[in-house]
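The next block holds one structure in the form of structure tokens; read it before the comments.
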């Protein structure tokens, strides 16, 4: 565990320093977690909601954090779960039946005023949306964030081998989509 | 270029052509304001007075719910039945009485006055009618024409 994380955790345990330490934690991780969430839910407003929920959950569960994994890993895991919970609840709430959330997410992306990608970027996002949920997260973490498989393995609680295979399949599917769709 | 990227270029040339850039942006000062907005939510959550539920009520809640359900069903089904049924019975009683009255009245209309008073004066027990009684009844109730036409058919 990084020294900065150790310091934050020690201060979080003390009643007097807890609030200040939590603010430090938020400042340290808000941007990284935001981009991780944003790549899953795509829309800014949704990402903002999910990020707030993530930190609220972190605050409520501080006493339950056993430090078996790193702080960074724990936060990413909560953010990932919150993002998936958001997508699934949106799917359930939708009036129109959805087999998967890709259509809703693509519409969300196109209508998002904070998406400024060009045609090829939109096509890439469309290709990524064809991937199954978990494969999509693996692809985003590896391709965009260039995260190590070992770290990803802790966050997603999946073996490194399975993650490598998942990324490989994801890349092939994205490539196929980019080739076939003009 | 690391081996992973080389591998990617080999298996996904189209993907490798796309410039790896962030197509998303955030509103101005979003990250500067985020922690303050979150703090407002946290303060609201911390200041919220937790509603302490009475333990007995908590345990009795399912039973109370069930009882309330029964009471609701009872009031919805029994009460309208109770209030509506007597009226319906009264109406049918009235109907029955009026039908029997009408039958009685029509039976009385068919009997001549002498026979009617005779019936009232006589005791209700079954008596054997004598030949004289039968002859009197025929004389007063049946015309000669009816007697001859009956005899002709037999």
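The values are calculated or read from the model by the stated rules, or taken from the named source; none is laboratory data. Not measured: the values here are computed from a predicted model. Neighbour counts run over all protein chains shown; Cβ positions are idealised from the backbone, glycine included.
Descriptive notes on the structure:
- Single unsatisfied condition, residue A:92 versus (1) more than 11 Å from chain B (Cβ to nearest Cβ); (2) in contact with a helix residue (DSSP H, G or I) (Cβ under 9 Å, 6 or more places away or on another chain); (3) part of a helix (DSSP H, G or I): (2)
- Any chance residue A:167 is surrounded by 15 or more Cβ atoms within 10 Å (Cβ to Cβ) and within 20 Å of residue A:46 (Cβ to Cβ): no
Let's see how each residue does on (1) within 11 Å of another protein chain (Cβ to nearest Cβ); (2) assigned to a helix (DSSP H, G or I); (3) at pLDDT 95 or above; (4) crowded, with 18+ Cβ neighbours inside 10 Å:
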residue	(1), (2), (3), (4)
A:134	no, yes, no, no
A:140	no, yes, no, yes
A:143	yes, yes, no, yes
A:146	yes, no, no, no
A:161	no, yes, yes, no
A:176	yes, yes, no, no
A:179	yes, yes, no, no
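- Going through (1) within 21 Å of residue B:20 (Cα to Cα); (2) more than 9 Å from chain B (Cβ to nearest Cβ); (3) surrounded by 14 or more Cβ atoms within 10 Å (Cβ to Cβ) one by one, residue A:104 falls short only on (1).
- Scanning the stretch A:114-125 for residues being over 16 Å from residue B:12 (Cα atoms), in contact with a helix residue (DSSP H, G or I) (Cβ under 8 Å, 6 or more places away or on another chain) and surrounded by fewer than 19 Cβ atoms within 10 Å (Cβ to Cβ) gives a total of 3.
- Scanning the stretch A:57-69 for residues that are within 11 Å of chain B (Cβ to nearest Cβ) and either within 13 Å of the chain's Cα centre (by Cα) or surrounded by fewer than 16 Cβ atoms within 10 Å (Cβ to Cβ) (or both) gives a single hit, A:60.
- For the stretch B:47-64, filtering for residues that are exposed (fewer than 10 other Cβ atoms within 10 Å of the Cβ) and either modelled with pLDDT of 80 or more or within 14 Å of another protein chain (Cβ to nearest Cβ) (or both) leaves 4.
- Of all residues in the stretch B:1-29, those being facing another protein chain (nearest Cβ under 8 Å), assigned to a helix (DSSP H, G or I) and modelled with pLDDT of 85 or more number 4.
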